[in-house]
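First up is the structure itself, then whatever we jot down about it.
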Amino acid sequence: MTDLLIRATAALNNAGPDAVLTHHTALALYGCQAADQHVVHVLVPDRRRVRSRPGVDVHHGTFAKGDVENLYGLRVLALDHALAQVLCRETSAVALACFDQAIERYPPDHRGLFAERVGRCIRARPDTRGQRKALSLLRSCYRLAG
């Protein structure tokens, strides 16, 4: 974890004060061991001119300040939003493994609510690629409305 924290800190410093860790990097920081830790994923606002480089994938998009948490002193996209990104863009096996590990953070009677929040995050993504697959994966685990 120390290596990831060092690389994530450097990536955030390079990307600027309005960047956050996302995708696999965020999930790894939340404790998802299935998340790929080889590349640091950073999300920056569309207006920022930051480019990916070896070891760092820069994603451009939008996020609300309320969707950012502080983990290990780093700005990290909230778990439900980061998980929605991975469910939409990754292979089913990796996405489901991350989902299973993330949902274990919650007591059994709150897991359905967490799955619903993830579903809302998937539906709210401006990038619609992978939404159908991600919602299908969630439905295979939990009964979601719509």
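The values are calculated or read from the model by the stated rules, or taken from the named source; none is laboratory data. Every value quoted in this text rests on a predicted model; they were computed, and no experiment measured them. So basically every Cβ, Gly included, is an ideal-geometry build from the backbone, and we count neighbours across all protein chains shown.
A few points about this structure:
- For region 50-92, filtered to residues that are surrounded by fewer than 21 Cβ atoms within 10 Å (Cβ to Cβ) and touching a Cys at 6+ places or on another chain (Cβ under 9 Å), the residue that is nearest to Met1 (Cα to Cα) is Ala78.
- Filter result (crowded, with 17+ Cβ neighbours inside 10 Å and either touching a strand residue (DSSP E or B) at 6+ places or on another chain (Cβ under 8 Å) or over 13 Å from His81 (Cβ atoms) (or both)) within region 120-130: Gly130
- Breaking point among (1) in contact with a helix residue (DSSP H, G or I) (Cβ under 8 Å, 6 or more places away or on another chain); (2) modelled with pLDDT under 95; (3) surrounded by fewer than 22 Cβ atoms within 10 Å (Cβ to Cβ), for Cys98: (3)
- Meeting the requirement of 2 or more residues that are among the small types (Gly, Ala, Ser) and touching a residue at least 60 places away in the same chain (Cβ under 8 Å), the helices (runs of 4 or more DSSP H) wholly within region 85-143 are 92-103.
- Residue that is under 23 Å from Ser92 (Cβ atoms), among the small types (Gly, Ala, Ser) and surrounded by 17 or more Cβ atoms within 10 Å (Cβ to Cβ), where the choices are Ala26, Ala19, Ala15: Ala26
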